[in-house]
Amino acid sequence: MGIMACINPTITKPLFSLPLRHLLRRGMALWSMRKDPSLERALSRNRRWVVNNQIKNLLIRSPTRSLPVKFLQKKYKTLDMRGRAINWLNKYPCCFQTFPDPTGETEDLFFGFTKRMEELVAGEEAAIEASEPEMVIRLGKLLMLSRDRRLNVSKLKGLQRSFGFPDDYLFRLVPNRPDLFRVINRYGHRNTMEVELVKWDPKLATSSVEVTAISNGWDPHYRCSLPSSWIKSHERFEEFNSGSPYISPYRNDWEHEEKHTVGMVHELLSLTLWKKLSIMKLEHFKREFKLPEQLNRLLLRHPGIFYVSNRYKMYTVVLREGYNGSDLVEKDPVVAAKDRLGELMQEGLHEYNQRRKVMNLEKKRNRGEIELRKTSQEESDHVAALDWVERREERKRFYKVLFDDK
């Protein structure tokens, strides 16, 4: 007799003998939420752009903004890539260029940014530098939301991209604001370093819900971003929203625990650049932000405020009011700069594909597989029009470029 049957005589079949598909279905039921096509499109992430962004970061860390191609080849495994690195670089002629060793000391082939890519990377770096005051506010708010007014630096690394913090954010922000931040290490280990809030700033203790309420002259409350056809969800939202006053996550008020937690997650999402967070990464901060054990259940109870997606088998929570369809309502300058980089990557890929198409046609013509004939002006105009439409649609599909969220 199975273990489960011994524990509970009413169970005639051990749990582990049930079909795996049935068990998975039971587990996934906890994550059921009606799909929102617009937000699913906003979450679409093309892996090519993620890889290119990582290559871009490798070049930025190099003092000469150039690296040997064989160095990238060695990094291919960490990028989870196969094949030859040079072939990948050739796919993006608008972004990367190859050249001999600038020092002339070796016969190695090097690669670096093209002039256009260099300009866009400089624009992104300028946007990051200009956003340092906003970084200070976001970091201050995160520390004020945390339980002990401090956060582990190693753990925060997993979310720093989402909040728009560059790799050197501690060196950028902490020394310039000793009145607000300091780095401490209470246990002396490398992974126990923490960034701590020096003093509470009342000006920062205002949530995005309260800011919206003040600017519009109404009482703080959540906004429902569901279609009117979701009648039952609207009813549950109204019951939750009007049942008790809004509770700011900056207040230590746990009389209505669920409302406080909803406010906490809402504020954390509001502080991110893309108004979304990985649920798995968010759960790493359960103690710091006093999040419940069953965070997924809480999020699913409030579809009017949050949208939960399992795209790419990675559970993500999105702040619904942060999007209009699949577009961000407010686009941070850093996000806009990253989008421009994504557009250039798409342009480079399109150029590569067009060049390959012409080469393949030429090969077929040389082999006599297709007949070479003159096309009329009308046919040429028609082909050009189709090509323009194709490029426009292709650009629209990949316009939303979500970079590495690691």
Residue check, Tyr92 against (1) part of a helix (DSSP H, G or I); (2) buried (at least 18 other Cβ atoms within 10 Å of the Cβ), all met but one. Which one? (1)
Please count how many residues of the stretch 137-172 are under 19 Å from Glu124 (Cα atoms) and surrounded by fewer than 16 Cβ atoms within 10 Å (Cβ to Cβ). 3
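So that you can scan it fast, the table gives a plain yes or no per residue for (1) in a helix (DSSP H, G or I); (2) over 30 Å from Thr192 (Cβ atoms); (3) modelled with pLDDT of 95 or more:
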site: Pro102; (1), (2), (3): no, yes, no
site: Arg116; (1), (2), (3): yes, yes, no
site: Leu139; (1), (2), (3): yes, no, yes
site: Leu143; (1), (2), (3): yes, no, yes
If I go through the stretch 298-346 residue by residue, how many of them are aromatic (Phe, Trp, Tyr) and more than 15 Å from the chain's Cα centre (by Cα)? 1
Would you point out the residue of the stretch 43-64, among those that are over 22 Å from Asp339 (Cβ atoms) and part of a loop (DSSP other than H, G, I, E, B), that is least open to solvent (accessible area, probe 1.4 Å)? Ser62
Condition check: of a type in the set (Val, Ile, Thr) and either under 21 Å from the mean Cα position of the chain (by Cα) or at pLDDT below 85 (or both). Does Val69 satisfy that? no
Hey, Ile60 hits all of (1) touching a residue at least 60 places away in the same chain (Cβ under 8 Å); (2) more than 16 Å from Gln346 (Cα to Cα); (3) touching a Leu at 6+ places or on another chain (Cβ under 9 Å) but one; which does it fall short on? (3)
On the basis of being open to solvent by less than 30 Å² (accessible area, probe 1.4 Å), among the small types (Gly, Ala, Ser) and modelled with pLDDT under 85, does Ser244 make the cut? yes
The number of residues in the stretch 293-309 that are loosely packed, with under 15 Cβ neighbours inside 10 Å and farther than 23 Å from Glu238 by Cβ is 2
Of all residues in the stretch 173-185 being touching a residue at least 40 places away in the same chain (Cβ under 8 Å) and crowded, with 17+ Cβ neighbours inside 10 Å, which is nearest to the chain's Cα centre (by Cα)? Leu173
By residue number, the members of the stretch 310-339 that are among the acidic types (Asp, Glu) and either under 26 Å from His221 (Cα atoms) or open to solvent by 20 Å² or more (accessible area, probe 1.4 Å) (or both) are Glu321, Asp327, Glu330, Asp332
Does Ala130 meet the test of being over 18 Å from Thr64 (Cα atoms), small (Gly, Ala, Ser), open to solvent by less than 60 Å² (accessible area, probe 1.4 Å) and over 20 Å from the mean Cα position of the chain (by Cα)? no
Consider Ile247 carefully, then state whether it is closer than 21 Å to Leu43 by Cβ and among the aliphatic types (A, V, I, L, M). no
Out of the residues in the stretch 252-279 that are in contact with a His (Cβ under 8 Å, 6 or more places away or on another chain) and surrounded by fewer than 20 Cβ atoms within 10 Å (Cβ to Cβ), which is farthest from Glu293 (Cα to Cα)? Asp253
I'd like the full set of residues that are in a helix (DSSP H, G or I), surrounded by fewer than 16 Cβ atoms within 10 Å (Cβ to Cβ) and among the polar types (S, T, N, Q), limited to the stretch 213-235. Ser215, Asn216
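The values are calculated or read from the model by the stated rules, or taken from the named source; none is laboratory data. Predicted model only: the values in this text are computed from it and were never measured. Because the Cβ atoms are built from the backbone with ideal geometry, glycine has one as well, and the counts that use them run over all protein chains shown. In case anyone asks, the SASA skips ligands and DNA or RNA and just uses the protein heavy atoms, side chains included. Shrake-Rupley method; radii C 1.70, N 1.55, O 1.52, S 1.80 Å.
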